[in-house]
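Here is the structure we will look at.
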Amino acid sequence: MALLGVKMRILQLDVNSIEYELIKPEAKIYENAEKKIETAKNSIALLVTIEKGDTTESASKAIMDSVKFAKQQKSDNIVIYPFAHLSDDLEEPSKALELLKHMRSLAKQSGINVVGAPFGWNKRLSVAIKGHPLAEQSHRYAESGTLQNAKKPARKLDLSIVKKSDWSGLPEKDHRTIGEQLDLYSFQEVSPAMVYWHPKGLTLYNELVKLMREKEEEYDYKEISTPLMANIALWQVSGHLDHYKADMFVFESAFGEVGLKPMNCPSTILIYRSKRWSYREFPFRTAIFDKLHRSELSGVVTGLFRVKQMTQDDGHIFVREDQIAGEIAMLLKMVKETYAVFGMKFVAKLSTMPDDHMGSNDLWERAESALKSALSENGMAYEIKEKEGSFYGPKIDFDVYDSIGRAWQCATIQLDYQLPLNFGLEYTGEDGKQYTPVIIHRAILGTLERFTGILVEHYGGKFPVWLSPIHARVISISEASNDYASKVYADLKSMHIRAELDISDKTLDYKIRDVQMQKIPYAVIVGKKEKEKGQVSIRIRDGIQIQNESIENFATALKKKIDARDQDLEFKK
């Protein structure tokens, strides 16, 4: 089945500010303008190209999707900016202006403030794009056409990879650019906003999972897993259907209407409900790394920072009310220890009851008071984010700072009195009576796809050795040393060091340059001299070289660095 119809090109930007200055008219038809310079802050900017064949219907769909997005992001304005550079098949000016005026009018009717950059002018444009979690997203809008069933599709499916060339203008430090250079991941048109992990990228991803599994074992978590989908009744009880349906994938199946899970909490609760609980069994700490699916709005998804299929280092802790303070203190300690591994600092922010929430104000006040007390008692300064809590409870979010000072919201601790009530959760108290537990929802790294993107830019692709997809590459200088290089490679592999072997006939300079381009921490170089002595020469990524080292000493020292998750690549004999 194929949808036939024309399309409109739009580059949608979520911006801190956008400013344009009118220079001079450049078309036979142009609009008069009262102001030469216009500035709009906290806006959704739409760079719109009107092509031949674009219609009122496609323009209407485009603008209403963007209005919906702007309202959800609490943007102050929509800026509609004529932008002819997305196409070489432009509509003639009078028709293009007519459609732009239609889009402005429709947006104004929706109640949002509209800034319409005048048509037909040469303009100087300055834009400050929000770097995360939202950034640029181009999209095209099709008018409704005829659905045709045919043996051959009416439109050939494009199976091309979304390559760097399709992200024109991306800086070299962007995680999409680095990811392509290092062959970490790709994005395919058949799975929009979902990640295809390549071997090296999946290695990096798995190292993050390994780190969190070790940390969770240390803090006595029990790992679980639950089905990918559930009958919609589960989401009705949890409240997600009322408060979150727009972000869910919901569809009909052989066993009724079902939803792909956007969050792990409802299905985790079902595991709790599968047995009777005593007060002695708390806290019950669960960890889960299942795939989640969220139907994000157009314009939100961008590289790894916001995706439609994701994994979180998710956890849910079932506690008695008297255990809340101790569990929050433990979680604050866990957050500190985890981000110290990456050398990243953070600030805490307390998000309070939103307008759209479940439960009584009294329970919300108790929950907010508990979080405030835990932060104060543990000496952690925090800011207040009014009305930005989850619909079921207040939360502590942590803004983590990367190597160039950007803040990223990653870890979260959420205190939930509501879902236990919705699901009728109980435990038997010391007095034999039934009580309702409290749930603490928590994620430390957050969404692993997003955190991977953050780390790629934080390190610029130069990962510490423990996190590097390849720890070392063994390079043979000549064919005569290939057999010895193969032995060195085998020795490294036997110690569970991620190694590669290069015994190609390329020049030594080329081989070393390729190691540098791939940002591999260590090049292990062997030639005739090293073979005769049973040694290796080592070239560290920062350029330091070490001669005449035994492979045993190097491998032992390297393994120690990997196991300790050492940030420093310096190798000491």
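Readers should treat all values here as calculations from the given coordinates under stated rules, not as data from a laboratory. The model shown is predicted, which means the values in this text are computed figures rather than measured ones. In this analysis, Cβ positions are derived from the backbone assuming ideal geometry, glycine residues included, and neighbour counts consider all displayed protein chains.
How do the peptides 511-519, 415-423, 389-397 rank, highest first, by the average count of neighbouring beta carbon atoms within 10 Å per residue?
Values: 511-519: 16.0, 415-423: 21.3, 389-397: 24.0.
Averaged packing, sorted descending, gives the order 389-397, 415-423, 511-519.
Would you calculate a helix-derived [θ] at 222 nm for the chain, using -39,500 (n - 2.57) for each DSSP H run of n ≥ 4 and dividing by the full residue count, to the nearest 500? Could the numbers behind the result be given before it?
Values: 15 runs with 175 residues, N = 573.
Only helices count here, giving -9500 deg cm²/dmol.
What are the aspartates and glutamates whose alpha-carbon lies under 15 Å from the alpha-carbon of K61, with same-chain residues fewer than 8 places away excluded?
E143
Calculate the dipole size of the range 472-564 relative to its Cα centre from +1 charges on Lys and Arg beta carbons and -1 charges on Asp and Glu beta carbons; express the result in debye to the nearest 20.
Numbers: 17 positive and 14 negative charges, 50 e Å.
With Lys and Arg at +1 and Asp and Glu at -1, about 240 debye.
With the Cα gyration tensor of the range 472-564 in hand, give its eigenvalues times 5 under a square root as the equivalent ellipsoid semi-axes, listed largest first in whole angstrom.
18, 16, 12
Residue farthest toward the positive end of the dipole of the range 227-370, with Cβ of Lys/Arg at +1 and Asp/Glu at -1: which of T268, H243, S360?
The residue sitting most towards the positive pole is T268.
Give the longest segment of the chain that steers clear of GluC sites (Glu not before Pro) in DSSP loops with at most 10 neighbouring Cβ atoms within 10 Å, not counting the sites themselves. Spell out each step's value before the answer.
On the way: sites that count: E34, E172, E386, E430, E570.
Answer from the scan: 173-385.
Quick one: of the DSSP bridges fully inside the chain, what percent are antiparallel, nearest 5?
Numbers: 86 of 113 bridges.
Restricted to the chain, the bridges split so that about 75 percent are antiparallel.
State the label only: which of [x] 80, 76, 55; [y] 74, 61, 46; [z] 105, 81, 47 corresponds to Cα extents along the principal axes in Å computed from the shown model?
[x]
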